[in-house]
Amino acid sequence: MTNEHLKNRLTEKFGETLSGFEETYGMLTAIVPAAMNLKVMQFLYDDEALKFRFLTDIAAVHYPDRKGEELCVVYHLHNLMDNVRIRLKAYIPIDQPDIFTATALFSGANWMERETYDYFGVNFVGHPDLRRILNVDEMDYFPMRKEYPMEDPSRVDKDDEMFGRGGSF
Amino acid sequence: MGEGFFATTLDKLVGLGRKNSIWPLPFATSCCGIEFMATMGANYDLARFGSERMGFTPRQCDLLMVMGTIAKKMAPVVKQVYLQMAEPRWVIAVGACACSGGIFDSYSVLQGIDQIIPVDVYVPGCPPRPEAILDGVMRIQDLIGQESLRRRGSDQYKALLESYGIQ
């Protein structure tokens, strides 16, 4: 099963709604509209020739410059029988970051979606238990968004010179 | 020849006993925990300092050895473990992450365990060599040997615990 074949199967089923086909390091990437993410994944799961039955990862990326579709939720699926991987990207706007949950299809999506919610604030509609998983429960912001620095905000004793900011350098 | 006798103060005798029989509680979180495993091994033996028995329960241990990165989510756990220890208790922060957050200057890492519990000895290093950890334990031994028996009831100690919000 080549990427060409995969791309043909997807376009004949979903037509023009899938776009942005790329092949990075041998892995086919497709951009899926956010409302259709479950349909595409279900098709890839059920089809007897395609059999993408393993969810490797769910991640998100924040592109502050893409207005109207700042957050990108990335699904990595894997066909264990034929060793083929595919990446699906779904762009969602940051003021309403809703996307359907994949938990009904893949149980492994449960914690991965919690992590994506914890760090980017992506709201997975229909998730059974969407709450923070790695950060402190009381945290009130989404740290991996680009506007927040990685450094701890409460330190008072940092020597700016050692960090390359100001000082006598 | 008659029997010999030994004159000393009770403080020193109790200190001698305490310092040569420390039961540590290894709170090993990350890489420093592996260095600690090396320290406990036969080559850099920690057992010869009296720490043969590593009790993994705070109820029976004297020395809380925090080794490794403590995330902010783990901080209440460390505090709870410290609270469950009985007096007299000492804390040693092993490694850069326990001392000050180390290399992880991040929103999720606690920048030093002395933000939540009082620490007696800091062992810097990333990770510190087993000899450095042993040196830290020997400094704790010095502290224990010289500690006054009345220290835990003193006002200064109570003020120290108050500053951490510990009753």
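None of the figures in this text is laboratory data; all of them are computed from the coordinates on show. Bear in mind the structure is a predicted one, so any value in this text is a computation, not a measurement. Neighbour counts run over all protein chains shown; Cβ positions are idealised from the backbone, glycine included.
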- prompt: Within segment A:92-103, which residues are free of Cβ contacts under 8 Å to residues at least 60 places away in the same chain and part of a loop (DSSP other than H, G, I, E, B)?
  reply: A:Pro93, A:Ile94, A:Asp95, A:Gln96, A:Pro97, A:Thr101, A:Thr103
statement: Looking across segment A:111-149 at residues that are more than 13 Å from the chain's Cα centre (by Cα) and buried (at least 17 other Cβ atoms within 10 Å of the Cβ), the single one that is farthest from the other protein chains (Cβ to nearest Cβ) is A:His127
Where A:Cys72 falls short, out of the listed (1) surrounded by 19 or more Cβ atoms within 10 Å (Cβ to Cβ); (2) in contact (Cβ under 8 Å) with a residue 60 or more places away in the chain; (3) not small (Gly, Ala, Ser): (2)
- line: Residues of segment A:67-86 being hydrophobic (A, V, I, L, M, F, W, C) and not in a loop (DSSP other than H, G, I, E, B), in sequence order, are A:Leu71, A:Cys72, A:Val73, A:Val74, A:Leu77, A:Val84, A:Ile86
field: So A:Lys39, is it over 21 Å from the mean Cα position of the chain (by Cα) and over 19 Å from A:Asn83 (Cβ atoms)
entry: no
query: Within segment B:42-88, how many residues turn out to be more than 14 Å from every other protein chain (Cβ to nearest Cβ), on the phi < 0 side of the Ramachandran plot and buried (at least 19 other Cβ atoms within 10 Å of the Cβ)?
result: 11
Residues of segment B:138-158 satisfying the condition of being part of a helix (DSSP H, G or I) and either under 16 Å from B:Asp62 (Cβ atoms) or under 18 Å from the mean Cα position of the chain (by Cα) (or both): B:Met138, B:Arg139, B:Ile140, B:Gln141, B:Asp142, B:Leu143, B:Ile144, B:Gly145, B:Gln146, B:Arg151, B:Arg152, B:Tyr157
message: Which of the numbered conditions does A:Lys89 fail, given that it passes all the others? Conditions: (1) part of a loop (DSSP other than H, G, I, E, B); (2) in contact with a strand residue (DSSP E or B) (Cβ under 7 Å, 6 or more places away or on another chain); (3) farther than 19 Å from A:Gly126 by Cα.
response: (1)
